[in-house]
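Working notes, structure below.
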Amino acid sequence: MGAYHGYDGFVTFSKMKPVLTQARMNLRGLIAPPYGKRFAAVIKMMLKF
């Protein structure tokens, strides 16, 4: 056990686990049907430019 000090010991005895980080804005609702008032407003705003 004495050889497992520091970073290498931490890596040896740690189990890696996946971490999912979700975006703050979910844009899936804008591109997937059924389309609503928000979609129409975004498209209208984009077409102004």
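Considering only trypsin sites (Lys or Arg not before Pro) in DSSP loops that have at most 10 other Cβ atoms within 10 Å, the longest stretch of the chain without any of them is 25-49. The modelled label-to-label distance between Leu20 and Ile43, using points 7 Å beyond Cα along the C-beta direction, is 3.0 nm.
Selection among Leu27, Ala40, Gly6 by position relative to the dipole of the chain gives Ala40 as farthest towards the positive end (Cβ unit charges, Cα centre). What shape does the chain take by its C-alpha gyration tensor, where a ≥ b ≥ c are the square roots of the eigenvalues and a/c under 1.5 counts as rounded, a/b above b/c as prolate, and the rest as oblate? Prolate, since a/c reaches 1.5 and a/b exceeds b/c.
Just so you know, all these numbers are worked out from the coordinates, no wet-lab data involved. Quantities reported herein were computed from a predicted structural model and do not represent experimental measurements. Note that each Cβ is placed from the backbone with ideal geometry, even for glycine, and that neighbours are counted across all protein chains shown.
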